[in-house]
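Heads up, the thing below is written out as structure tokens.
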Amino acid sequence: MDEEEPNICVLVPGKMIPYALERLRQHFRTITIERAEPALLSEEMKESVKAVASFGNVGAAFIDALPRLQIIANFGVGYDSVDAGHAARSGVMVTNTPDVLTEEVADTTIGLLINTVRELPKAEQYLRDGRWKREGPYPLTRGSLRGRKVGIYGLGRIGRAIALRLEAFGLPVSYHNRRKVEDVPYTYHSDLLSLAKAVDTLICVAPGGPATDRAIDDQILNALGSDGVFINIGRGATVDEKALAAALKNGTILAAGLDVYADEPNVPEDLLSCPNTCLLPHVGSASVHTREAVANLMIDNLISWFSTGKPLTPVAETTHVMAMTKKGLP
Ligand code: NAP
């Protein structure tokens, strides 16, 4: 360790849950700023910040503005908002929080899928509005899980946990990844369009970033067909939201359930006005239990880095970054 933990300065740009801030303060000198913008950095911060703990954007200019930065600990498994490629080229470690949120996000996905197909939020609203008493039973839903064929776009940790749950529901599962997964009984499709043609329910849990940007477009939605259901628990940027809103409005697909959006928290009016959407405000992992586990792994990564020179869960782009090659280390 290059110095005692309490002297190590950790910068937290933007929002962070109080539990994480409290635990960070037990170990590090912790400073908060409104967002990760170079203009908000004082000279003292530029001189002293060695770590960033973040739940949002950390771009190249911000990384460059912190000459003593060694590590960016991302709060969450998806780190598309961190410029990890630039961090890697600058010798800065990036960590994320895999596994600890997998089951929670898979649970949420199943809830979102059932709510979307069986219209449960709308049925509850019907009851609360007194319409059950006045008008009689809620109309039968056109959608059902029965007989559905599910495709998973991104069969990684969370995708596999979703697939296990779907198996218990008696639904056949297929998937698309860049690489076939060897130890699963699900049908592999080497391209997304082929998967979309083979199923009527598509769950997106692939990471965000240039490789998946707007991969769900009108062609994919067309392939799902008029009984098609699209669920997005991955990242909003993976979907062409205009094409999705059009497909929902003109009956190209039946319904969509979304937890994530391209420009959060701004949800396009086009999607808000579609009656056949079930919309959640990015709550996939948002329980006290799971977000505290995420915070602990984020902070344990920082503690491990500064005490042993090795992080617990580095992202793929920065596995080669070594503590001893870091700027500011002896
Ligand atoms: P993971 O284990 O890394 O799984 C990602 C999967 O996507 C892998 O199987 C990967 O397989 C596949 N993939 C990656 N890039 C692809 C591409 N260009 N085309 C096709 N498949 C691709 O990650 P995870 O822990 O399951 O998390 C997945 C994502 O869920 C996160 O990145 C995050 O965006 C999202 N998430 C959302 C919430 C929420 O609250 N809504 C919470 C947690 C996570 P190949 O490498 O073989 O392609």
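Using a probe of 1.4 angstrom, how much of the accessible area of the chain is carbon and sulfur, in percent?
53 percent
Among Ser190, Leu302, Pro139, whose Cα lies farthest out toward the positive end of the dipole of the chain, if unit charges sit on the beta carbon of Lys, Arg (+1) and Asp, Glu (-1)?
Pro139
Take every Cα pair under 8 Å in the chain that's 6+ residues apart, average their separations, divide by the length, and report that relative contact order as a whole percent.
Rounded, it is 19 percent for the chain.
Considering only protein heavy atoms, what is the solvent-accessible area of Ser190 at a probe of 1.4 Å, reported in Å² to the nearest 10?
Around 90 Å² of this residue is reachable by solvent.
Could you work out [θ]222 nm for the chain from helices alone, using -39500 (n - 2.57) per DSSP H run of at least four and dividing by all its residues? Round to the nearest 500 deg cm²/dmol.
-10000 deg cm²/dmol
Dipole magnitude of the chain about its Cα centre, charges +1 at Lys/Arg Cβ and -1 at Asp/Glu Cβ only, in debye to the nearest 20?
Taking the Cα centre of the chain as origin, the dipole is about 740 debye.
Given axes a ≥ b ≥ c from the Cα gyration tensor, I'd like to know whether the chain is rounded (a/c under 1.5), prolate (a/b larger than b/c) or oblate.
prolate
Total Lys pairs in the chain closer than 22 Å by alpha-carbon, pairs eight or more apart in sequence or interchain only?
Value for the chain: 16.
Give me the dipole magnitude in Debye, nearest 20, for segment 151-274 about the Cα centre, with unit charges on the beta carbon: positive for Lys and Arg, negative for Asp and Glu.
400 debye
Quick one: accessible area per residue over the chain, 1.4 Å probe, rounded to a whole number of Å²?
Accessible area per residue, the chain: 47 Å².
Could you let me know the centre-to-centre spacing of segment 194-218 and segment 81-121, using Cα atoms, in angstrom?
That distance is 15 Å.
For Lys122, Lys249, Lys50, Lys133, give the ranking by accessible area with the largest first, probe 1.4 Å.
Lys133, Lys249, Lys122, Lys50
The values are calculated or read from the model by the stated rules, or taken from the named source; none is laboratory data. It should be emphasised that the depicted structure is a prediction, and the values quoted were computed from it without experimental measurement. Using ideal geometry, Cβ is built from the backbone for each residue, glycine included, and neighbour counts are taken over all protein chains shown. These area figures cover heavy atoms from the full protein model, side chains too; ligands, DNA and RNA do not enter into them. Shrake-Rupley method; radii C 1.70, N 1.55, O 1.52, S 1.80 Å.
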